[in-house]
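Contents: one structure, followed by commentary.
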């Protein structure tokens with residue numbers, strides 16, 4: 001394989017590409033983490049920073065049969081590390097010299113770390129108003145950081161910049177990224193011994209939702225589970241394309257707090273609609289007030305997550321209230337990103353409301 | 001058991017207390033994490049946030065046979081969670097209403113999270129110049145935060161404040177805290193199949209060094225390993241009591257960057273000397289310049305650690321240089337704390353030195 005045979009979208013229709021594995025069979029390896037499922041991953045395990053095998057813990061403060069999957073304890077603090085481990089391993093297989101990405105947040109950090117560990121360059125395009133701390137971290141992880149006027153410019157500039165022996169690894173499009181995030185479905189089955197009734201995930205570009213749908217779909221096709229769990233996708237104010245597809249237009253101020261969920265135009269939108277509908281799940285919209293309330297509750301339970309991850313707790317409460325989830329259902333909430341990146345804003349949003 | 005039978009130091013000599021387990025036998029449980037070794041822990045597993053089972057990864061950038069133990073991927077971002085899980089479980093067994101601690105850093109955060117998860121109060125005394133972000137996080141985790149003029153005042157005020165049904169859980173003294181950190185030795189054996197030749201750890205109050213010494217000592221007594229690995233304890237400028245005991249007085253500016261290592265007067269100093277000496281290890285002193293260099297290298301490898309953890313990399317280079325460790329030795333470096341708490345200073349220390 002060579003870098004110039006790397007495709008990041010369909011050359012004919014311009015749409016995203018998918019990977020279908022013929023004759024899939026699962027053999028668990030003795031390895032810890034994501035590569036325990038290497039037999040189901042169409043990439044060589046060339047780079048690892050310890051991703052996967054994250055804790056699954058009971059959430060007594062939410063009720064019985066409710067579990068939290070602590071994806072924020074992945075190496076760079078988010079579930080994106082599953083996608084990066086596989087996508088960067090694949091880039092290495094293609095013999096690329098550099099990967100190019102546009103992201104100011106968790107994915108930029110994750111891709112930078114994995115590329116650096118793999119010994120290839122990363123060039124990350126970010127909007128110039130991205131938080132200084134995250135920009136510094138991306139550079140400290142060894143990536144070349146390029147600032148763009150806006151988020152949309154970052155995407156355009158990234159794609160246009162790709163040179164010889166370089167590839168656009170963009171996670172919104174990358175099919176191997178989904179082959180990494182799908183391992184979360186495999187891992188839940190491995191940890192629980194069966195599939196849960198429902199899984200609640202935050203959704204922006206859909207890499208986690210689609211990863212779970214692909215993973216559970218494969219497990220179903222191998223006869224290892226009986227049905228795909230209901231997938232509930234949570235979105236925030238102003239970035240609710242999936243929610244709007246299912247429930248009609250929703251007008252509101254864009255979220256100020258769930259920054260990891262700010263994706264305006266996810267290229268895999270129709271796939272996201274299908275994943276939610278055909279699993280008998282739903283899309284849920286949560287407001288910033290609801291997110292802050294859930295974030296406070298999570299922190300009080302000892303779970304140091306980012307605001308975007310707290311959305312799943314708000315959604316859980318809503319789904320219980322409107323009886324889309326019953327108290328007997330076994331439910332897994334995916335906590336996607338670390339709150340340690342946010343300790344500078346905890347004072348403003350949480351502590352001022354705690355009586356001294 | 002009741003709260004008023006809780007001892008935090010010897011009522012006769014005022015020294016720290018130790019726990020010796022009669023007839024110790026190890027049976028591995030099926031659980032993930034620290035409680036996999038429950039048979040060797042003298043506490044009921046009453047509270048867990050997913051601590052332990054952290055990744056052990058190869059560190060190719062340091063050489064062959066060198067492994068990094070990613071303790072910063074514990075639930076609150078540091079190895080302290082092992083100690084907190086056991087110490088807070090024990091407090092619950094004693095039926096206490098509140099635990100009292102003095103710490104402005106990782107331990108304050110960890111104890112707050114575990115106490116909150118256990119449904120008991122935590123009261124944390126911190127020096128008033130502690131970073132605002134960490135103070136906010138401690139309060140957001142549900143603890144009562146009390147500011148003291150200095151670090152020494154925080155200790156004194158904490159101890160004096162203990163009321164009815166409350167206990168002083170102070171990690172510098174607490175013997176159950178060490179019963180938690182000792183599980184790191186068990187976990188290394190479990191992951192590697194044998195004990196490494198050497199382990200390098202950052203040292204402040206010695207909770208990790210002593211935990212390893214206790215753990216490996218128990219494994220040796222059960223015949224599960226052949227010898228205790230050489231334990232190398234790394235200290236920073238200005239807080240080098242252990243180093244000075246072995247190598248004589250060292251005068252230097254106190255460290256500005258390794259804030260987690262700032263302990264002036266560790267009550268278990270003589271035990272620390274013994275752990276290093278009788279394992280044929282040593283104490284190593286590293287300067288702030290050396291720490292920054294190592295921190296940069298760790299970040300470039302994709303490991304988002306705090307500066308205090310980077311000390312072990314500096315020490316590794318020194319020990320190779322002066323032949324206290326050979327290139328054939330199997331060495332484990334413990335990366336103790338998360339760098340995500342430090343993204344606001346990465347710009348200053350790391351990025352300014354990267355050529356644009």
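The values are calculated or read from the model by the stated rules, or taken from the named source; none is laboratory data. Not measured: the values here are computed from a predicted model. Virtual Cβ from ideal backbone geometry, glycine too; neighbours counted across all protein chains shown.
Please go through region B:296-305 and pick out each residue that is over 18 Å from residue A:106 (Cα atoms) and either within 18 Å of the chain's Cα centre (by Cα) or surrounded by fewer than 24 Cβ atoms within 10 Å (Cβ to Cβ) (or both).
B:296, B:297
Restrict the check to region A:222-240 and report whether at least one residue is over 26 Å from residue A:292 (Cβ atoms) and surrounded by 23 or more Cβ atoms within 10 Å (Cβ to Cβ).
Looking for residues that are over 26 Å from residue A:292 (Cβ atoms) and surrounded by 23 or more Cβ atoms within 10 Å (Cβ to Cβ), one finds at least one in region A:222-240, hence yes.
Being within 14 Å of chain B (Cβ to nearest Cβ), under 23 Å from residue B:341 (Cβ atoms), over 20 Å from the mean Cα position of the chain (by Cα) and buried (at least 23 other Cβ atoms within 10 Å of the Cβ) narrows it down to one of A:117, A:113, so name that one.
A:117
If we keep just the residues of region A:78-106 that are under 15 Å from residue A:33 (Cα atoms) and outside any helix (DSSP H, G or I), which is farthest from the other protein chains (Cβ to nearest Cβ)?
The qualifying residue farthest from the other protein chains (Cβ to nearest Cβ) is A:79.
Are there any pairs with C-beta distances below 6 angstrom linking a residue in region A:82-97 that is on the phi > 0 side of the Ramachandran plot to a residue that is not in a helix (DSSP H, G or I), with the two at least 6 apart or on different chains, and if so which?
Pairs that qualify, where the first residue is on the phi > 0 side of the Ramachandran plot and the partner is not in a helix (DSSP H, G or I), are A:95/A:2.
Could you check residue A:133 against (1) crowded, with 24+ Cβ neighbours inside 10 Å; (2) within 11 Å of chain B (Cβ to nearest Cβ); (3) more than 19 Å from residue A:206 (Cβ to Cβ); (4) touching a residue at least 24 places away in the same chain (Cβ under 8 Å) and say which number it fails?
(1)
What are the residues in region B:205-248 that are assigned to a loop (DSSP other than H, G, I, E, B), in contact with a strand residue (DSSP E or B) (Cβ under 6 Å, 6 or more places away or on another chain) and more than 22 Å from residue B:66 (Cα to Cα), if any? I'd like the intermediate steps shown before the answer.
First, the residues of region B:205-248 that are assigned to a loop (DSSP other than H, G, I, E, B): B:205-206, B:222-229, B:237-240, B:248.
Now drop any that are not in contact with a strand residue (DSSP E or B) (Cβ under 6 Å, 6 or more places away or on another chain), which leaves B:229, B:240.
Once the filter is applied, which keeps residues that are assigned to a loop (DSSP other than H, G, I, E, B), in contact with a strand residue (DSSP E or B) (Cβ under 6 Å, 6 or more places away or on another chain) and more than 22 Å from residue B:66 (Cα to Cα), region B:205-248 yields only B:240.
Results for (1) closer than 24 Å to residue B:123 by Cα; (2) within 14 Å of chain B (Cβ to nearest Cβ), shown as yes or no for each residue.
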{"site": "A:299", "(1), (2)": "yes, yes"}
{"site": "A:310", "(1), (2)": "no, yes"}
{"site": "A:317", "(1), (2)": "no, no"}
{"site": "A:330", "(1), (2)": "no, no"}
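With the structure loaded, tell me whether residue B:347 is within 11 Å of chain A (Cβ to nearest Cβ), more than 13 Å from residue B:284 (Cα to Cα) and at pLDDT 95 or above or whether it fails that test.
Criteria not met by residue B:347.
Please find, among B:163, B:180, B:170, the residue that is part of a loop (DSSP other than H, G, I, E, B) and buried (at least 21 other Cβ atoms within 10 Å of the Cβ).
Just a single option satisfies the conditions, and that option is B:170.
Do we find a residue being more than 10 Å from chain B (Cβ to nearest Cβ), crowded, with 17+ Cβ neighbours inside 10 Å and assigned to a helix (DSSP H, G or I) anywhere in region A:39-62?
yes
Taking the options A:319, A:333, name whichever one is under 25 Å from residue A:193 (Cβ atoms), over 17 Å from the mean Cα position of the chain (by Cα) and at pLDDT 95 or above.
Selected residue: A:319, the only one of A:319, A:333 that is under 25 Å from residue A:193 (Cβ atoms), over 17 Å from the mean Cα position of the chain (by Cα) and at pLDDT 95 or above.
When the residues of region A:136-152 are filtered to those that are at pLDDT below 95 and under 29 Å from residue A:18 (Cα atoms), which remaining residue is farthest from the other protein chains (Cβ to nearest Cβ)?
Applying the filter and picking the extreme gives A:152.
If you take the residues of region A:17-38 that are free of Cβ contacts under 8 Å to residues at least 60 places away in the same chain and within 26 Å of residue B:69 (Cα to Cα), which of them is surrounded by the most Cβ atoms within 10 Å (Cβ to Cβ)?
In the first step, residues of region A:17-38 are kept if they are free of Cβ contacts under 8 Å to residues at least 60 places away in the same chain; the result is A:20, A:22-23, A:27, A:29-33, A:35, A:38.
The next check asks that each one be within 26 Å of residue B:69 (Cα to Cα); those that pass are A:29-33, A:35, A:38.
On the way: A:29: 12, A:30: 5, A:31: 14, A:32: 18, A:33: 24, A:35: 21, A:38: 17.
It comes out as A:33.
If you go through region A:63-77 one residue at a time, how many are at pLDDT below 95 and within 10 Å of another protein chain (Cβ to nearest Cβ)?
The total comes to 0.
Within region B:142-160, track down each residue that is under 23 Å from residue A:346 (Cα atoms) and surrounded by fewer than 19 Cβ atoms within 10 Å (Cβ to Cβ).
B:144, B:146, B:147
Please state which of the following conditions residue A:355 fails to meet, knowing it meets all the rest: (1) under 25 Å from residue A:104 (Cβ atoms); (2) modelled with pLDDT under 95.
In the conditions (1) under 25 Å from residue A:104 (Cβ atoms); (2) modelled with pLDDT under 95, residue A:355 misses (1) alone.
Take the conditions crowded, with 24+ Cβ neighbours inside 10 Å and closer than 23 Å to residue A:43 by Cβ and apply them to residue A:185. Does it pass?
Here the answer is yes, as residue A:185 does meet what is asked.
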